[in-house]
Each structure stands twice: as structure tokens, then as C-alpha cells.
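The values are calculated or read from the model by the stated rules, or taken from the named source; none is laboratory data. The structure presented is a predicted model; accordingly, all values stated were derived computationally and were not measured. Counting neighbours? That spans all protein chains shown, and the Cβs are built from the backbone with ideal geometry, glycine included.
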Amino acid sequence: MNRQATAFAPASVANVGVGFDILGHTVDGPGDRVTVRRVAEPGVRIVAIRGNSQPLPFEPDRNTAGTALLAMRKMLALQFGFEIEIDKGIPFGSGMGGSAASAVAALVAANATLDTPLPRALLYPFALESEYAASGSRHGDNVGPLLLGGLVLATADRLVKIPAPANLHCALVHPQAVLETREARAALAGHYALPEFVAQSANLALLLTGCQANDLDLIRAGLRDQLIEPRRAPLIRGFAAVKQAALDAGALGASISGAGPSAFAWCDGERAAHDVAERMRAAFLQAGLASESWVSRVDGPATEQVA
């Protein structure tokens with residue numbers, strides 16, 4: 001048994017356009033590193049947060065890493081406590097799963113200090129509590145992929161890893177802007193027509209079937225968000241041009257990463273993804289926003305213990 005452990009959780013693309021709150025995948029690139037120490041005193045204490053561009057709460061019940069470990073202690077009836085140190089590597093309010101990364105890295109590290117560590121899937125309920133702290137909703141489209149790696153379907157009580165074609169790559173572009181999750185979710189209030197749900201369900205089915213069958217034409221047909229993207233796109237300066245630039249450069253599809261303002265595109269091959277990323281960055285710059293980008297296989301890494 002370790003008394004201390006450190007874990008690294010990568011960034012992630014939530015929703016993948018057509019899978020609002022239930023589908024996501026990890027990105028090999030930036031991430032959060034969290035160190036957890038098992039201590040005799042009960043409770044959870046955050047002792048350090050480094051690398052954050054915006055102030056983050058040290059109160060454990062207001063911090064996703066703290067909330068996740070509070071849930072772990074309560075549900076497992078642990079008699080000991082935890083101290084947490086967080087090193088942020090994912091920009092705040094970026095739509096790249098930063099809140100989820102801190103939480104899942106904390107859970108994986110804390111799990112390594114238990115007398116009998118739990119299987120990854122059993123950490124999922126604790127991670128959902130952390131998402132509730134961040135956004136007011138228990139959605140698994142970030143934390144599920146972080147626990148299992150790659151492309152994951154995350155329901156209220158189940159994680160299903162979806163096979164992604166080996167050559168399927170993601171171009172993820174983050175503009176120098178902030179869009180908080182709660183604001184982006186507020187934009188979704190209002191009426192939705194039944195035909196919109198039918199069309200979105202069809203697109204999700206096409207995308208998942210395309211991944212299972214290694215059929216890029218089905219993926220291209222399915223990667224079209226008709227429910228969420230139209231309501232959130234106005235919150236992201238230049239998004240329409242960025243998406244069109246990705247499609248013009250040959251992307252299979254493109255949409256908003258998580259709550260935004262980051263945008264992603266799925267591409268057939270690594271070289272194609274780099275080309276698409278450059279075109280997307282140029283479009284953001286045309287809109288007055290500098291940006292940075294990463295290219296990763298859609299079948300990206302899971303959160304791992306690193307020390």
C-alpha cells in the first residue's frame with residue numbers, strides 16, 4: 001500500500017457533437033497532475049493548486065478533486081483522510097475537461113493508497129459527484145473516457161468503451177478565450193422539437209455504428225450536431241468560420257469540444273489532422289483570437305498513476 005501517489009489525467013473532448021453528456025474521448029497532450037497523500041485525520045484537504053490561470057477553490061466541497069475524494073470517503077466509509085496537491089495543465093474554461101481531469105487524477109491517485117484498490121469502473125460514481133460540483137449536472141462524457149481511455153459511452157450507471165478506427169485522429173484547437181460550463185449549459189434552455197431529437201439520435205447511431213464497423217463514411221454522415229451546437233455556437237467568436245475551415249480542409253466532421261470555446265475535428269489520419277488544425281487556427285486568428293492546437297488519436301490514453 002502506498003501512502004502517497006500521483007496521477008496524470010489527459011484533456012478530453014466531451015459530447016463529440018452528437019453525444020451530449022454521454023460520449024467523449026481523451027486527447028494525448030495537455031493534462032492535470034494530482035498528488036494525493038493518505039493521512040490519519042479524517043476529511044479532505046487541498047494544500048496546493050499550481051498552474052491555474054484563474055483562482056480555484058481550496059474548499060473541498062467546491063473543488064472537483066476535493067468533491068470526488070469526499071464522495072469516495074463517504075461511499076467507502078473510509079476512516080482516514082486525504083491531502084491533495086493539484087498541478088493544472090488544462091486551461092480554465094476551455095471545454096477540454098479540466099475540471100474532470102483534476103477529479104479523475106485525484107481518484108486514481110487516492111485509489112492507489114487504498115488497502116484494496118478498486119477497479120476503474122467503480123470510481124465512476126465518485127467522479128460523477130465531482131461533475132455535479134462543477135456544472136450542476138452528473139454527466140460522464142469527460143470522466144468516463146478519462147477512467148477507461150479512448151472513446152467512451154457514459155450513461156448514468158455504465159461505461160462502455162467504443163472501438164475507434166486506428167487511423168481516426170482528432171484536431172483540437174483552443175482559442176485564447178474562456179467559456180464557463182455553467183454559462184454554456186444555460187444557453188441550452190428552451191424548447192426542442194421532436195424532429196430534432198430524431199435527427200440527432202440518427203446521427204449518434206451512425207457515428208457509433210461507423211466506429212464499430214470501421215466505416216469512415218458512416219462517421220462522416222453522423223458527426224453533425226443538430227441540437228446543442230446551434231445554441232452554443234453564438235457564444236464562441238468565429239466558430240462558424242472555424243468549423244467551415246475544418247470541413248473545407250477535409251475533416252470528417254467538426255463541432256464544439258465540451259462546453260467550448262475549444263473546437264475539434266475528426267480526421268482520416270494524423271497528417272490530415274495537422275492540416276485541419278492549422279486551418280482552424282487560421283480561422284480563429286481571422287476572428288481575432290490566437291489559439292493553440294493538439295493532434296491525437298481518438299483512441300487516446302487513460303488517466304495513469306505516474307508516481
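Some points to look at:
- Residue selection: residue 110 fails the criterion of being crowded, with 18+ Cβ neighbours inside 10 Å and under 30 Å from residue 235 (Cα atoms).
For (1) assigned by TED's automatic domain parsing to the domain that holds residue 137; (2) in a strand (DSSP E or B); (3) within 23 Å of residue 259 (Cα to Cα), each residue gets a yes or a no:
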{"site": "16", "(1), (2), (3)": "yes, no, yes"}
{"site": "19", "(1), (2), (3)": "yes, no, yes"}
{"site": "32", "(1), (2), (3)": "yes, yes, yes"}
{"site": "42", "(1), (2), (3)": "yes, no, no"}
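The rows are residues; the columns are (1) touching a residue at least 40 places away in the same chain (Cβ under 8 Å); (2) surrounded by 16 or more Cβ atoms within 10 Å (Cβ to Cβ); (3) under 24 Å from residue 182 (Cα atoms).
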site	(1), (2), (3)
14	yes, yes, yes
23	yes, yes, yes
26	yes, yes, yes
41	yes, no, no
47	no, no, no
55	no, no, yes
60	no, yes, yes
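- Verdict on residue 96 being on the phi < 0 side of the Ramachandran plot and part of a helix (DSSP H, G or I): no
- Enumeration of residues in segment 219-262 that are touching a helix residue (DSSP H, G or I) at 6+ places or on another chain (Cβ under 9 Å), farther than 19 Å from residue 164 by Cβ and outside any helix (DSSP H, G or I): 226, 227, 228, 236, 237, 238, 249, 256, 259, 260, 261
- Reported count of residues in segment 269-307, each being in a strand (DSSP E or B) and either modelled with pLDDT under 95 or surrounded by 15 or more Cβ atoms within 10 Å (Cβ to Cβ) (or both), is 8.
- When 240, 166, 186, 205 are checked against the criterion of being among the small types (Gly, Ala, Ser), farther than 30 Å from residue 67 by Cβ, surrounded by fewer than 16 Cβ atoms within 10 Å (Cβ to Cβ) and free of Cβ contacts under 8 Å to residues at least 12 places away in the same chain, a single residue qualifies: 240.
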